[in-house]
Amino acid sequence: MKDIRKHPFRQPTKIIPTRLVGKTTICPKCKAIFRIPWVENQIFPKQPILPYSGGGQWIPVSINIKCNTPECRETIDIQTPIVEVKSKWNLFGDEAGRLISEPLPNLSTKSLHFFCITLIGLHSTRQKRVERRLRSLKKSICPQKDPSTWVHHFSDIWGSDPKEKQYDLATKRAKIKYAKSFARILRSERPNLASFNISSCIEIASDKRERRVSLKYQKEDVFSQSILLTLDKLRESQLSVSWTFDNIKDSTNGNRTEGWASECFLGLQYLPLFTWLSAGAYIEQPRFVKPGSNFLLEIADFMSFWVAREFERKSIGKDCELSTASFGKGYYQGTIQNGNVLTEWSDSLPLKKFYGFK
Ligand SMILES: [Zn+2]
């Protein structure tokens, strides 16, 4: 039998929601009262089990921790809260990153790297309608092709050369106008359309190896945060969640792989925190699919592009062609240089609050 403990996993960032800080438990054996170690690994990762045959699922509903009295070390089983599941949201995620070599001196004297993941969810009653709206928008810039046969990658559209006539967008102004129409659709679908943008900005070293390590860490950190944040927010609203990502490229070794993400997810399953936040729901490992294979991935791609571009442009003292305010209210979470995580519902990317922009 395969021992799950032998699978490689990556230790996630140690952050927990404020409401869990200081929550204590009592050891039934020695009666010691101590704080629940939310981010210390359990002996086994807690994974839901789907039987080979027959119905039903097995869902972990307790966490195992050790008493923190050194002479006791009793294993204590704590039941997690069970929150009803009224329905399930499928979230679709995509990433964007920017290297900013020379940011404004008041932001940093070193080069910065910004990275974000946007996750998009849409109420099931709106799926067909939004898909139709986006298809007709795609058709408007590429009338010769069936819009369902090509992937809307906004960085390609933005960077396209009008001379090649790949898209019916002759000028930069036309591209901006097109982006505004795209954003208008998103805004008009609120609140049935929900977005979560999780970002991070770090100063990076000039040493290549050091730089590679910190970029890898930044990406894993944002990924783990995107899972924890959305798990927490959706379970709070009596919803279950599943995640589908555009095949996120692990640029650190050049391969297109989702291996690192599976290892991050397994790392999360080791934490009492993750089992607790799941609150009795069947939570599967995220799926990684071909880019653009769902229209919500195209929306996630679009939003991530503009969040990253807004950060990049403002960080060098320039205006951005499209403001994140044009997407309507979404959930934003940001990690600043000292590792602090800030989070809020906001009308736009909170550059001032999260990242100290003037
Ligand atoms: Zn004890």
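The values are calculated or read from the model by the stated rules, or taken from the named source; none is laboratory data. What you are looking at is a predicted structure, and each value in this text was computed from that prediction instead of being measured. So basically every Cβ, Gly included, is an ideal-geometry build from the backbone, and we count neighbours across all protein chains shown. Ligands, DNA and RNA are excluded from the accessible area calculation, which covers all protein heavy atoms including side chains. Shrake-Rupley method; radii C 1.70, N 1.55, O 1.52, S 1.80 Å.
Go through the residues of the range 54-66 one by one and say whether even a single one is open to solvent by less than 70 Å² (accessible area, probe 1.4 Å), more than 16 Å from the ligand (Cβ to nearest atom), under 30 Å from Val213 (Cβ atoms) and touching a helix residue (DSSP H, G or I) at 6+ places or on another chain (Cβ under 6 Å). Looking for residues that are open to solvent by less than 70 Å² (accessible area, probe 1.4 Å), more than 16 Å from the ligand (Cβ to nearest atom), under 30 Å from Val213 (Cβ atoms) and touching a helix residue (DSSP H, G or I) at 6+ places or on another chain (Cβ under 6 Å), one finds none in the range 54-66, hence no. Every listed requirement among (1) without any contact (Cβ under 8 Å) to a residue 24 or more places away in the chain; (2) under 30 Å from Glu312 (Cα atoms); (3) in a strand (DSSP E or B) is met by Pro105 save one, (3). Only one of the numbered conditions (1) over 15 Å from Ser226 (Cβ atoms); (2) modelled with pLDDT under 90; (3) crowded, with 17+ Cβ neighbours inside 10 Å is not met by Ile299, and that is (2).
Check the range 69-77 and report whether any residue there is assigned to a loop (DSSP other than H, G, I, E, B), of a type in the set (S, T, N, Q), at pLDDT 90 or above and within 16 Å of the ligand (Cβ to nearest atom). Within the range 69-77, one or more residues are assigned to a loop (DSSP other than H, G, I, E, B), of a type in the set (S, T, N, Q), at pLDDT 90 or above and within 16 Å of the ligand (Cβ to nearest atom).
Here Lys46 meets each of (1) exposed (fewer than 15 other Cβ atoms within 10 Å of the Cβ); (2) over 21 Å from Val222 (Cα atoms) with one exception, condition (1).
Tallying residues that are surrounded by 12 or more Cβ atoms within 10 Å (Cβ to Cβ) and not β-branched (Val, Ile, Thr) within the range 1-22 yields 6. Here Ile33 passes the criteria (1) surrounded by 13 or more Cβ atoms within 10 Å (Cβ to Cβ); (2) at pLDDT 90 or above except the one numbered (1).
Of the residues that sit in the range 305-327 and are small (Gly, Ala, Ser) and open to solvent by 10 Å² or more (accessible area, probe 1.4 Å), which one is farthest from the chain's Cα centre (by Cα)? The qualifying residue farthest from the chain's Cα centre (by Cα) is Gly317. The residues on offer are Phe182, Phe92, Phe115, and the sole one that is of a type in the set (A, V, I, L, M, F, W, C), within 28 Å of Ile316 (Cβ to Cβ) and in a strand (DSSP E or B) is Phe115. If you go through the range 302-337 and keep only what is closer than 15 Å to Lys180 by Cα and among the charged types (D, E, K, R), you end up with Arg309, Glu310, Glu321.
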